[in-house]
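Asker: Dropping a structure here in C-alpha cells format, bear with me for questions.
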Amino acid sequence: MVEVIGVSFKKSGKVYYFSPGKLKIEKGYNVIVETARGVEFGYVAFGNREVDESTIVAPLKQVLRIATEKDKQNNESNRQREKEAFAICENKIAKHGLEMKLVDVEYTFDGSKILFYFTADGRVDFRELVKDLASAFRTRIELRQIGVRDESKLLGGLGICGQPYCCSRFLNDFQPVSIKMAKEQGLSLNPTKISGACGRLMCCLKYEQEAYEELIKKTPRVGAIVKTPDGEGTVSDVNLLRGRLKVKLKSELPDSAPKEYAAKEVRLIKNASNRQNDENIDMEALKKLEE
C-alpha cells in the first residue's frame, strides 16, 4: 500500500495521485506540486489515504508544499492575466483570418508557458499565430485543439435537465456513449432529444445502461410471441423498469386493446428480432452524435 493524496488542477477535473511525504493534507487545501509540465497549483480532492501500489503510475510525484497566501495570490493573478490573454488572442485570430474558436486560456503557475485551447472543424495552420502570440507575451506558447465535449467541460452551463453539466460538475473522464444505448433504453431517436449542449450524445445515457442490459436479457422484446395466463399473444409494448408488458392476445378481436402483464407472468415462446425499425430516422445525423 502507498500513501497518496488526490489533486486536480481544475474544478471537477481529473484527479491525480501525488505523494504527500510527511505532510498531512485535508480535502479542500491548495497545494503546490511538481508535474511533467512544471510546478503547478492544485486543489486537493481527497486527503491522505492508502491505495494499492498497482493503481499507481510510477514514479509518483511529490507535493512540494501546502500553498501559501503568496501562492494563492500568484494563482489569482494568473487567472486575471488569462482573461487579458484571451482577448488579445481572439483579436489575433481575427487578424489572421483563422477558422478556429478560442475556448480557454491557461497560464502555468510559474508563468513560463501559456496554453490556448481552441476548437475547429479541421486542421488549422496556426504557425504565424503562434509567432505573433510569442512576440506579444514573450513566453512559451502552446495551442491545443480540443473536442466539443472538452469545450463544454471547460465552459460549463446548464443541461436540459436543469442541472449543471455532468462533465463540468463531477465527471473526470468521458465514457463512450452510443446510439445503441438510446435504442435499448427506449428513448426517442430524435437527435435534439438525446444530445447534450455539446452536440454529442448525452453522457447520462451511460449511467443506467448496465441496468437496462440486465433487464433486456430477461424481458421479451416488442414483437415477441409469449404465453400468458390468458393464452398466446404478441408483445406490443415493454416497460423495462416497471417489468410490465402489453400483449396483443391471439384469442382477442383484432381491434381489441392489448392486456398488461408483469414480465414474470409470461413465458417466452419466440423472441423478436433485435433490430429496431429505423424508418423515418436520420441515421446519418445520429452517427454524427457519436463522433
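Asker: Suppose we keep only residues that are in contact (Cβ under 8 Å) with a residue 24 or more places away in the chain and of a type in the set (A, V, I, L, M) within region 159-182. Which one would you say is surrounded by the fewest Cβ atoms within 10 Å (Cβ to Cβ)?
Answerer: Ile160
Asker: Looking at Ala67, Ala87 in this structure, which one is over 11 Å from Tyr17 (Cα atoms), exposed (fewer than 14 other Cβ atoms within 10 Å of the Cβ) and among the hydrophobic types (A, V, I, L, M, F, W, C)?
Answerer: Being over 11 Å from Tyr17 (Cα atoms), exposed (fewer than 14 other Cβ atoms within 10 Å of the Cβ) and among the hydrophobic types (A, V, I, L, M, F, W, C) holds for just one of Ala67, Ala87, which is Ala87.
Asker: Quick check, is Arg149 open to solvent by 30 Å² or more (accessible area, probe 1.4 Å), in a strand (DSSP E or B) and either modelled with pLDDT of 90 or more or charged (D, E, K, R) (or both)?
Answerer: no
Asker: Anything in region 220-259 that is of a type in the set (Val, Ile, Thr) and more than 14 Å from Asn271 (Cβ to Cβ)? List them, or say none. If you could, list the steps in order and put the result at the bottom.
Answerer: From region 220-259, those of a type in the set (Val, Ile, Thr) are 222, 225-226, 228, 234-235, 238, 247; that's our starting set.
Within region 220-259, Thr228 is the sole residue that qualifies.
Asker: Of all residues in region 246-272, which are within 15 Å of Lys218 (Cα to Cα) and either touching a residue at least 40 places away in the same chain (Cβ under 8 Å) or surrounded by 11 or more Cβ atoms within 10 Å (Cβ to Cβ) (or both)?
Answerer: Once the filter is applied, which keeps residues that are within 15 Å of Lys218 (Cα to Cα) and either touching a residue at least 40 places away in the same chain (Cβ under 8 Å) or surrounded by 11 or more Cβ atoms within 10 Å (Cβ to Cβ) (or both), region 246-272 yields Tyr261, Ala263, Glu265, Val266, Arg267, Leu268, Ile269, Lys270, Asn271, Ala272.
Asker: Where residues in region 183-240 are farther than 30 Å from Ser256 by Cα and among the basic types (Lys, Arg), which of them is surrounded by the fewest Cβ atoms within 10 Å (Cβ to Cβ)?
Answerer: Lys193
Asker: With respect to Ser19, is the statement that it is open to solvent by less than 80 Å² (accessible area, probe 1.4 Å) and farther than 17 Å from Asn172 by Cβ true?
Answerer: yes
Asker: Could you please let me know if Lys131 is among the basic types (Lys, Arg) and open to solvent by 60 Å² or more (accessible area, probe 1.4 Å)?
Answerer: yes
Asker: Then there's this: What number goes with the only condition from (1) among the hydrophobic types (A, V, I, L, M, F, W, C); (2) touching a helix residue (DSSP H, G or I) at 6+ places or on another chain (Cβ under 8 Å); (3) surrounded by fewer than 18 Cβ atoms within 10 Å (Cβ to Cβ) that Ile93 does not pass?
Answerer: So the condition that Ile93 fails would be (3).
Asker: Looking at region 14-43, which of the residues that are under 23 Å from Ser77 (Cα atoms) and charged (D, E, K, R) is modelled with the lowest pLDDT?
Answerer: Checking each candidate, the answer is Arg37.
Asker: Still on this structure: Which one of these is modelled with pLDDT of 90 or more and in contact with a strand residue (DSSP E or B) (Cβ under 9 Å, 6 or more places away or on another chain): Asn78, Asn91?
Answerer: Asn78
The values are calculated or read from the model by the stated rules, or taken from the named source; none is laboratory data. What you see is a predicted model, and the numbers here were worked out from it, not measured in a lab. Note that we place each Cβ from the backbone using ideal geometry, even for glycine, and neighbour counts take in every protein chain shown. Quick note on the areas: whole protein, heavy atoms, side chains included, nothing else; ligands and nucleic acids left out. Shrake-Rupley method; radii C 1.70, N 1.55, O 1.52, S 1.80 Å.
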